[in-house]
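Worksheet for the structure shown next.
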Amino acid sequence: MALRLPLVFARNAIRAPATLSSRRMFHTTFVSNVIAGDRVPAVPLYGSSPGDEVDLAALTKEGKFILVFVPGAFSPGCSSRHVPGYVSLAPKFTSDKGVSGIYIISGNDAFVMNAWGKELGAANDKVKYLADPSLAFVSALGLDFDASKFFGNRRSKRAAVLVEDGTVIKTWIEPDNTGISNSEAKSVIKEL
């Protein structure tokens with residue numbers, strides 16, 4: 001038996017309704033990816049513990065900074081390639097490119113981010129690890145995605161964001177959310 005779709009009347013024309021996959025769904029909570037000109041949101045992040053609240057909007061108000069977003073601390077790509085690239089190139093980012101600091105941001109809790117930072121290193125205190133356990137900061141920038149298949153919940157897209165004086169100047173967002181190419185440290189430093 002063939003499936004019959006209902007007809008839809010629109011301005012004197014008869015047409016079959018669009019399939020669900022071809023319809024653009026309306027969501028009131030949708031935020032597009034962060035773009036140049038956006039301000040760093042005043043949403044709290046956390047340093048070495050849940051009591052160590054960090055206001056990244058205030059910290060990045062003056063100077064040049066790189067914000068690095070990763071899907072998960074201790075995950076293979078983040079731990080073996082993405083973040084170590086920023087740690088190893090931190091001296092060049094600061095001396096050659098005028099970057100005041102690099103912030104690694106993930107949807108993990110503060111204790112996990114603190115332990116991960118100790119394992120990967122801070123490159124003379126120029127690389128800081130910040131927790132966004134509720135993804136409030138990441139979501140405010142439109143950088144969250146459904147990572148249920150890999151991490152069991154929503155996570156941050158893999159990305160890098162250049163901020164100068166509290167304003168986003170440039171973004172490098174991975175098109176598949178988790179790959180490592182656009183936002184890799186060696187790619188970013190070439191474009192500064």
- Message: Within the stretch 156-178, list the residues whose amide N lies under 16 Å from a label point set 7 Å along Cα→Cβ of A36.
- Response: 160-173
- In the stretch 59-152, carbon and sulfur make up what percent of the accessible area (probe 1.4 Å)? 52 percent
- Top to bottom by accessible area (1.4 Å), largest first, where do E53, E191, E164 land? E53, E191, E164
- Query: Using heavy-atom solvent-accessible surface (probe 1.4 Å) with all chains present, what is the largest-first order of E184, E62?
  - Reply: E62, E184
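At 0.36 nm per residue, and after removing the present C-alpha to C-alpha distance, how many nm does the segment from D125 to F150 gain when stretched out fully? The partial results should precede the final answer.
Details: separation 25, 0.36 × 25 = 9.00 nm, distance 3.10 nm.
Gain on extension, D125 to F150, equals 5.9 nm.
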- What is the Rg over Rh value, at two decimals, for the stretch 31-96, using alpha-carbon atoms and the Kirkwood definition of Rh? 0.98
- Query: Roughly how many Å² is the accessible area per residue of the stretch 83-131, as a whole number, for a 1.4 Å probe?
  - Reply: 41 Å²
- Using only the Cα atoms of the stretch 104-192, what do you get for the radius of gyration and for Dmax, in Å? 13.4, 37
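Checking the a/c ratio against 1.5 first, then a/b against b/c, what shape does the Cα gyration tensor give for the stretch 45-140?
oblate
The values are calculated or read from the model by the stated rules, or taken from the named source; none is laboratory data. Computed from a prediction, not measured in an experiment: that's the story for all the values here. Neighbour counts run over all protein chains shown; Cβ positions are idealised from the backbone, glycine included. SASA here: full protein model, heavy atoms, side chains in, ligands and nucleic acids out. Shrake-Rupley method; radii C 1.70, N 1.55, O 1.52, S 1.80 Å.
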